[in-house]
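Trainee: Before I ask anything, let me first share the structure, which is written out below as C-alpha cells.
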Amino acid sequence: MRSCPFLLSCILATSSCASSPARPPPSADAPSPASSWEPPSAWEGLNGPETPSPNASVEAPQPTPQPTPQPGGSTFAVTKRPIALGSRVRVSMSIGINSLYAIDTPNGAVTTEDVAGIFQRYVIQVLASDHGVARKIRVVFGDEGESRINNGRQRNKPSPVTGKTYFVEATPEGMAVRDPDGNEPPKDEVDAVTARFRGLATPEAFTRALSDTPMPSGQPVPALAEALKDDMRRGLEGRVWFGRVSATPAGSRQVDGASCVVFNVVLQVGVEKPGSKVRMDLRGEMLLRSADGWPASMDLTGPVAVDEATNGVAAQGNGKARLRMGWGYL
C-alpha cells in the first residue's frame, strides 16, 4: 500500500518555518531548481547541527539502526505474490523533523528552533482487485494529526479523517470516496483520503521491481532504487529531484513472525513548493517480506536543509529528520 508520494507532501508541510508569514508564488526570474539542486553539489554541507528536543509529544529523530551482519556470499530470495481479496493491512507512519532556522529580518538575523511531527494510523481492507492489484478498499483511520513546537510553543492540528471510515475506489472518472452511508464526505476529508491513496489500482512499485532471482548480499538492486524514486514522484512530477538512491540487501529479520529481507537504503532527495525547497540525505533500512514481497517497515534518518523566501525575507534551516513506516498484515 503505497504512501511515499504522500510522505513527501508531509515533509513539505513539516519543514516550513512556523514563524514565517504566508509565502508568495515564486518569481518568474527565480533560478530553476533543476539547475541548482542537481547532485553532487546539492548535497554538500548538508550535515546541519543536532538540535535539542523540547519536552513535547513530537519524537526527536534517533540514530539509524545498524545493518544486520551477514556472512560473505549470502543471497536472499523474495517470492512475489499479489495482494489477496479481503486482505487487511495495518499501516503506521511518523515523520519528525528538528530544525534550527536563521531568519533575515529588517532588524537583523533571528534564530528559531522548530520541532515538527506528523503521525498516522489506519487499517485497509481490500474489497476489489484487478489482476492482484487493489482497486477498491475500505479504510479505517485511527490517530492522525500534526504537532509543531516553535521556540517552546506547541500547536496541535488534528486530521479531519481521524476515527472515520471510508470506501475508496479507483474508477475511470477518477478516485471515488464515500462514507459508510454511501455519501460523499466533505471536501477536506476527500482531499485527505485521495492524497493518501492516489496510487490505488497501480501495481506496488517495490514488489514489481523485485527479481525472482536470488539477490547477493551487499550488491545494490538498481530496479528497487528506481521503483523508490518512481513511487515518490507520483503526483509530485517536476517537484522532486534525486541525488544518490540505492537499496542493497544486507540481511534478514523476523517481523511479526514473517521472514523479511533487510535492504540498506540511501536516499538523497529534494522537493519543493512555492517559496520553499527542502533537501535531505537519508540513510536507513527497508524490509520486504520474503514470502510475498510486501513491505514490512521503513526507517530512514539523516540531515535536512530548508531554504525559504517569504515577501523578500529569507530563512535557512538545518536539522535532522526521521521517517518511519510500518505495515502489519492481519
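Trainee: Just need a number here: residues in the stretch 304-323 that are surrounded by fewer than 22 Cβ atoms within 10 Å (Cβ to Cβ) and either touching a residue at least 40 places away in the same chain (Cβ under 8 Å) or assigned to a strand (DSSP E or B) (or both).
Mentor: Final tally of qualifying residues: 9.
Trainee: Related question: (1) farther than 29 Å from A296 by Cβ; (2) over 20 Å from the mean Cα position of the chain (by Cα): which one isn't true of D114, the others all being true?
Mentor: Unmet condition: (2).
Trainee: Please go through (1) surrounded by fewer than 16 Cβ atoms within 10 Å (Cβ to Cβ); (2) of a type in the set (G, A, S); (3) assigned to a strand (DSSP E or B); (4) at pLDDT 85 or above for G86 and return the number of the only condition it doesn't satisfy.
Mentor: Only one criterion is unmet by G86, namely (3).
Trainee: Output yes when any residue across the stretch 109-123 is touching a strand residue (DSSP E or B) at 6+ places or on another chain (Cβ under 6 Å), hydroxyl-bearing (S, T, Y) and either modelled with pLDDT under 75 or not in a strand (DSSP E or B) (or both), and no when none is.
Mentor: Looking through the stretch 109-123, none of the residues is touching a strand residue (DSSP E or B) at 6+ places or on another chain (Cβ under 6 Å), hydroxyl-bearing (S, T, Y) and either modelled with pLDDT under 75 or not in a strand (DSSP E or B) (or both).
Trainee: If a residue counts only when it is basic (K, R), which strands (runs of 3 or more DSSP E) contained entirely in the stretch 153-219 have at least 3 such residues?
Mentor: Those strands (runs of 3 or more DSSP E) span 153-158.
Trainee: Ok, one more. Before we move on, is A225 part of a helix (DSSP H, G or I), at pLDDT 90 or above and either of a type in the set (D, E) or closer than 18 Å to A296 by Cα (or both)?
Mentor: The answer is yes for A225.
Trainee: Determine whether the stretch 200-215 contains at least one residue that is over 22 Å from the mean Cα position of the chain (by Cα), surrounded by 15 or more Cβ atoms within 10 Å (Cβ to Cβ) and within 30 Å of S246 (Cβ to Cβ).
Mentor: Within the stretch 200-215, one or more residues are over 22 Å from the mean Cα position of the chain (by Cα), surrounded by 15 or more Cβ atoms within 10 Å (Cβ to Cβ) and within 30 Å of S246 (Cβ to Cβ).
Trainee: Something else now. Scan (1) within 30 Å of L330 (Cβ to Cβ); (2) in contact with a Pro (Cβ under 6 Å, 6 or more places away or on another chain); (3) at pLDDT below 90; (4) among the β-branched types (V, I, T) for the single condition I149 breaks and write down its number.
Mentor: (1)
Trainee: Can you name every residue in the stretch 255-268 that is buried (at least 23 other Cβ atoms within 10 Å of the Cβ) and of a type in the set (V, I, T)?
Mentor: Within the stretch 255-268, V261, V262 meet the criteria.
Trainee: Scan the stretch 233-254 for residues that are over 30 Å from N311 (Cβ atoms) and at pLDDT below 90 and jot them down.
Mentor: Hits for the stretch 233-254 are R233, R234.
Trainee: Of all residues in the stretch 282-303, count the ones that are within 21 Å of A77 (Cα to Cα), assigned to a strand (DSSP E or B) and at pLDDT 90 or above.
Mentor: Going through the stretch 282-303 one residue at a time, the tally reaches 9.
The values are calculated or read from the model by the stated rules, or taken from the named source; none is laboratory data. This is a predicted model, so every value here is computed, not measured. Positions of Cβ are generated from backbone atoms using ideal geometry, with glycine treated the same way; all protein chains shown enter the neighbour counts.
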